[in-house]
Amino acid sequence: MSPEVNPFESLQEQIDDASDYLEYSTDVLERLKHPERVLEANLSVEMDDGSVEVFRAYRSQFNGDRGPYKGGIRYHPQVTRDEVKALSGWMVYKCAAVNIPYGGGKGGIEIDPRQYSASEIERITRSFAKELRPIIGEDQDIPAPDVNTGQREMNWIKDTYETLENTTEPGVITGKAPESGGSAGRVEATGRSVMLTAREAFDYLGKDMADATVAVQGYGNAGSVAAKLIEDLGANIVAVSDSSGAVYNPDGLDARDAKAFKSETGSLTGYEGATEELTNEELLTMDVDLLVPAALENAIDGDLAQDVQADIVVEAANGPLTPNADDVLSDRDVAVFPDILANAGGVTVSYFEWVQNRQRFYWSEERVNSELETIITNAFDDLVETYEETGAPNFRTAMYVVAIQRVVAAAEEGGIWP
Ligand code: NAD
């Protein structure tokens, strides 16, 4: 991981790269590179022992031209204002890439949640929800889970918002538990879109998924679900990792069993289905057909990219390649399928959840999965059409071209006011 690479600058570079294939003036492009507004809050929260701690929190609303701001909330010690701004921008282009009617937002609290009790996390979450209340709402800004947040935190935010507003408005937040208005299929949605992108990519490149070798970096929600669904297509998951390191078996690991082991013990270290333990760097540079980075941003920098041996990379994490790594892999003809398509399943099923909440009419898991498949495969088709038509140097740039065109078209319809 390269913490020195600022993800906000990475986002701006990605927009610049795409702008070579678009004919927009610099003032139009400048508007696409900065958030409309960022809330910075300092949450004073009482701890279990009666002391008070202050937590820095952010919500960035990047662009609302195509619909309400939409994006997750992350709890992590390395959350910064610029990271949140970058993640909110990626949400804009992700929602546009898969053509769902949202702008982009993102939030985060600078915290290591493992250091706090459940009741402390609840008070911290409710305190953040109180700060967010004036700027969120089902037609304004709709948060969702991200790293280290899940149904529990979403339910607390919904309850705080509804209590303060004296209303019922389940569509104010997505990623809720089914009992609180969550959608079937939401938990697995991100991993599912990673699998669908990998399947379409193999097909487009004329490669066979059956018996393909796969390495997955990061074995949380996105990575472990992607691994099991890719395994179901007949591929061999040969290595997976978490922050404690990687486990490897050249004959293939059992993706579900490895996840069960991690859930039970807290890490993959010591997993008996593996023949070897490796470092994360070794996993990222293994000779495999498919590499799925599914941990955090900047996992692969320019130096490491020189050693990547995978033929295809499908990004489950947001921003796992630094811009240098992107250039190196593009020059080396490694086919990289970008985060704004591959992990868009999460926000797409969040969109389905919001539609169901507003209609108070709930879908079956089969319907959710089938509608998701349509959205991701249509977006993949839009990507390859633009890739072939524009001669863009790689799939990321082509996907940004598709997405930016959609955002600019909506902005032009709205005009500049006042
Ligand atoms: P998670 O917390 O469930 O899992 C993260 C995993 O990464 C954990 O297994 C952790 O141990 C591992 N990890 C952390 N640092 C690592 C390192 N240096 N090397 C190897 N592994 C490491 O989080 P998640 O929800 O799966 O999110 C992962 C990525 O996917 C993030 O970039 C997130 O923004 C992105 N994403 C998630 C969703 C979603 O719906 N969950 C949607 C879109 C994008």
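Pick from VAL336, VAL384, VAL368: which is under 22 Å from the mean Cα position of the chain (by Cα) and buried (at least 24 other Cβ atoms within 10 Å of the Cβ)? Even if it seems obvious, please write down each step before you answer.
Values: VAL384 fails: buried (at least 24 other Cβ atoms within 10 Å of the Cβ); VAL368 fails: buried (at least 24 other Cβ atoms within 10 Å of the Cβ).
Only one candidate passes the filter, namely VAL336.
The strands (runs of 3 or more DSSP E) located wholly in the range 21-86 that include 3 or more residues which are within 17 Å of the chain's Cα centre (by Cα) occupy 52-63, 69-76. Inspection of the range 400-408 finds a residue satisfying the criterion of being assigned to a helix (DSSP H, G or I), closer than 25 Å to ASN6 by Cα and under 17 Å from the mean Cα position of the chain (by Cα).
Scanning the range 219-241 turns up no residue that is basic (Lys, Arg), under 22 Å from ALA97 (Cβ atoms), surrounded by 15 or more Cβ atoms within 10 Å (Cβ to Cβ) and within 24 Å of the chain's Cα centre (by Cα). Within the range 37-76, being free of Cβ contacts under 8 Å to residues at least 40 places away in the same chain and either within 16 Å of the ligand (Cβ to nearest atom) or among the hydroxyl-bearing types (Ser, Thr, Tyr) (or both) holds for one residue alone: SER51. For the condition among the basic types (Lys, Arg), surrounded by fewer than 23 Cβ atoms within 10 Å (Cβ to Cβ) and part of a helix (DSSP H, G or I), what is the one hit in ARG358, ARG396? Going through ARG358, ARG396 in turn, just one is among the basic types (Lys, Arg), surrounded by fewer than 23 Cβ atoms within 10 Å (Cβ to Cβ) and part of a helix (DSSP H, G or I): ARG358.
The residues listed here are VAL247, VAL238; of these, the one that is among the hydrophobic types (A, V, I, L, M, F, W, C) and more than 15 Å from the ligand (Cβ to nearest atom) is VAL238. For beta carbons closer than 8 Å, sequence separation of 6+ or different chains, a first residue in the range 212-226 that is of a type in the set (Phe, Trp, Tyr) and a second that is near the ligand (Cβ under 9 Å from one of its atoms) and assigned to a helix (DSSP H, G or I), the qualifying pairs are TYR219/LYS262. One residue stands out among those in the range 306-341 that are within 16 Å of the ligand (Cβ to nearest atom) and among the β-branched types (Val, Ile, Thr): the one that is farthest from LEU284 (Cα to Cα), which is ILE340. Applying the criterion of being within 13 Å of the ligand (Cβ to nearest atom) and of a type in the set (S, T, N, Q) to the residues of the range 174-217, the residue that is farthest from ILE237 (Cα to Cα) is THR174.
Within the range 10-36, the set of residues being charged (D, E, K, R), touching a residue at least 60 places away in the same chain (Cβ under 8 Å) and within 25 Å of VAL79 (Cβ to Cβ) comprises GLU13 only.
One line per residue, one yes/no per condition, for (1) assigned by the TED database to the domain that holds VAL216; (2) part of a loop (DSSP other than H, G, I, E, B); (3) within 15 Å of the ligand (Cβ to nearest atom); (4) at pLDDT below 95:
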site	(1), (2), (3), (4)
VAL288	yes, yes, no, no
ASN298	yes, yes, yes, yes
ASP303	yes, no, no, no
SER350	no, no, yes, no
ILE375	no, no, yes, no
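When LEU268 is tested against (1) part of a loop (DSSP other than H, G, I, E, B); (2) under 22 Å from LEU341 (Cα atoms); (3) within 9 Å of the ligand (Cβ to nearest atom), only condition (2) is not met. Number of residues in the range 109-121 that are part of a helix (DSSP H, G or I) and of a type in the set (Gly, Ala, Ser) equals 2.
Checking THR174, THR197 one by one, the residue that is among the hydroxyl-bearing types (Ser, Thr, Tyr), buried (at least 24 other Cβ atoms within 10 Å of the Cβ) and closer than 15 Å to VAL313 by Cα is THR197 and no other.
Of the residues screened, GLY346 is not one that is near the ligand (Cβ under 10 Å from one of its atoms), touching a Pro at 6+ places or on another chain (Cβ under 9 Å) and either among the hydrophobic types (A, V, I, L, M, F, W, C) or not in a helix (DSSP H, G or I) (or both). Within the option set THR168, THR149, being buried (at least 20 other Cβ atoms within 10 Å of the Cβ) and either not small (Gly, Ala, Ser) or not in a helix (DSSP H, G or I) (or both) holds for one residue only, THR149. Please go through the range 122-146 and give me each residue that is modelled with pLDDT of 95 or more and part of a loop (DSSP other than H, G, I, E, B), ordered by number. Correct list: ILE136, GLU138, ASP139, GLN140.
The values are calculated or read from the model by the stated rules, or taken from the named source; none is laboratory data. Since the model is a prediction, treat every value here as computed from it, not as a measurement. Positions of Cβ are generated from backbone atoms using ideal geometry, with glycine treated the same way; all protein chains shown enter the neighbour counts.
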